[in-house]
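The values are calculated or read from the model by the stated rules, or taken from the named source; none is laboratory data. What you see is a predicted model; the values in this text were computed from it and never measured. When we count neighbours, we look across all protein chains shown, and the Cβ atoms used for this are built from the backbone with ideal geometry, even at glycine.
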Amino acid sequence: MMMRIKPYYSILVATAILLLSASCQSIPKEARVVTNFDAQKYMGTWYEIARIDFKHERNMNNTAAQYSLKDNGDIKVLNSGYNYVKETWKKREGKAKFRGSPTEGALKVSFFGPFYSGYNVIAIDKDYKYVLIAGKNHDYLWILSREQTIPESVKKEYLEIAKNAGYDTNDLIWVDHNMQNPHI
């Protein structure tokens, strides 16, 4: 009986290792993270201006993310928004960790236990008011702002950076901010 279990156990362990390593895929090959990242300046509230839609934010508007540093150097993430189909507010807490140096905008984020995904700051202004985030692949992209709008000049610049990183910016949805988010 033990001899039969051992091969299955080995397959299970190998599969788990493969899934964990795949979940850490970090960034599209054409994208580059910022190298002068300041985590302290990044903390606080960011409003989602645009995103490539995906299942966890589908039918959401008034979306925002709040970041705060934990004592161990990790980052607490609180995402929230309004599901306009179900007519309910939704929030989800997660965590982010640096994949390398904390001065590089290369992070990984998790909302589901040990499974992480790439969170890459590929553009940020000097005042930390606007940011362009690339996910682990071309299915994930966000434009965030400290305010509920973004200047047209920043929008054009970030769309150009995204295109150069291989993103189809026609896939972006532009988020409405027409209600007060109770989680901010």
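On the stretch given as region 135-174, residues that are in a loop (DSSP other than H, G, I, E, B), in contact with a Phe, Trp or Tyr (Cβ under 8 Å, 6 or more places away or on another chain) and crowded, with 17+ Cβ neighbours inside 10 Å total 4. Against the conditions (1) assigned to a strand (DSSP E or B); (2) under 18 Å from R51 (Cβ atoms), S110 satisfies every one except (2). Restrict the check to region 135-142 and report whether at least one residue is within 20 Å of L78 (Cβ to Cβ), touching a Lys or Arg at 6+ places or on another chain (Cβ under 7 Å) and without any contact (Cβ under 8 Å) to a residue 60 or more places away in the chain. Scanning region 135-142 turns up no residue that is within 20 Å of L78 (Cβ to Cβ), touching a Lys or Arg at 6+ places or on another chain (Cβ under 7 Å) and without any contact (Cβ under 8 Å) to a residue 60 or more places away in the chain.
For (1) closer than 14 Å to A50 by Cβ; (2) out of contact with any Cys (no Cβ under 9 Å at 6 or more places or on another chain), each residue gets a yes or a no:
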{"position": "K136", "(1), (2)": "no, no"}
{"position": "K155", "(1), (2)": "yes, yes"}
{"position": "A162", "(1), (2)": "yes, yes"}
{"position": "N170", "(1), (2)": "yes, yes"}
{"position": "V175", "(1), (2)": "yes, yes"}
{"position": "N178", "(1), (2)": "no, yes"}
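The number of residues in region 108-133 being touching a Phe, Trp or Tyr at 6+ places or on another chain (Cβ under 9 Å), without any contact (Cβ under 8 Å) to a residue 40 or more places away in the chain and over 11 Å from S145 (Cβ atoms) comes to 4. Listed conditions (1) without any contact (Cβ under 8 Å) to a residue 40 or more places away in the chain; (2) under 12 Å from the mean Cα position of the chain (by Cα) are all met by Q40, apart from (2). Scanning region 142-158 turns up one or more residues that are modelled with pLDDT of 95 or more, aromatic (F, W, Y) and under 22 Å from E57 (Cα atoms). Remark: pairs (first residue in region 47-62, on the phi < 0 side of the Ramachandran plot and basic (K, R); second residue surrounded by 16 or more Cβ atoms within 10 Å (Cβ to Cβ) and at pLDDT 95 or above; Cβ separation under 7 Å; 6+ apart in sequence or on different chains) = R51/L141; R51/W142; R51/L172; R51/V175. Looking at the structure I just gave you, is I122 in contact with a helix residue (DSSP H, G or I) (Cβ under 8 Å, 6 or more places away or on another chain), surrounded by 13 or more Cβ atoms within 10 Å (Cβ to Cβ) and within 17 Å of V175 (Cβ to Cβ)? No.
Residue selection: G113 fails the criterion of being small (G, A, S), under 15 Å from the mean Cα position of the chain (by Cα) and surrounded by fewer than 19 Cβ atoms within 10 Å (Cβ to Cβ).
In the condition set (1) at pLDDT 95 or above; (2) under 15 Å from V175 (Cα atoms), A106 is compliant with all but (2).
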